[in-house]
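*Asks:* If you scroll down you'll find the structure; I have some questions about it.
The values are calculated or read from the model by the stated rules, or taken from the named source; none is laboratory data. Since the model is a prediction, treat every value here as computed from it, not as a measurement. Reconstructed Cβ throughout: ideal geometry from the backbone, glycine too, with neighbour counts over all protein chains shown.
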Amino acid sequence: MTMTTGIENSEDVIKFISELAKTFKEANQDGSINLMDALRAMHILPAIAAAIKGADEIKAELMDLNGEEKELLLIGLKQAIYDLVEAFK
């Protein structure tokens with residue numbers, strides 16, 4: 001039986017990028033970012049922690065991807081890129 005590393009840590013980083021982009025877009029709706037926007041952005045702290053915690057495992061995950069994992073990561077990455085583009089419109 002082949003054991004795979006999984007993609008949890010890679011997904012955490014992608015989720016963080018997406019959450020950060022959405023938070024920036026929401027905060028910048030009035031054209032500026034202020035202290036209240038920063039306080040409202042506190043909800044992304046768990047995403048930051050998850051992304052940092054597993055960052056050292058990402059290389060191993062990417063080296064051990066199977067077809068389904070590649071597809072899942074590409075879907076997530078596509079969404080994160082979309083969120084980034086939307087955030088900076």
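*Asks:* Which residues, taken from region 57-88, are charged (D, E, K, R) and either at pLDDT below 95 or surrounded by 11 or more Cβ atoms within 10 Å (Cβ to Cβ) (or both)?
*Replies:* Result: Glu57, Lys59, Glu61, Asp64, Glu69, Lys70, Glu71, Lys78, Asp83, Glu86.
*Asks:* Something else: What is the residue count in region 1-20 for residues that are more than 17 Å from Glu69 (Cα to Cα) and touching a residue at least 12 places away in the same chain (Cβ under 8 Å)?
*Replies:* 5
*Asks:* Now for a different question. Name the single residue, out of those in region 21-48 being assigned to a helix (DSSP H, G or I) and touching a residue at least 40 places away in the same chain (Cβ under 8 Å), that is surrounded by the most Cβ atoms within 10 Å (Cβ to Cβ).
*Replies:* Ala21
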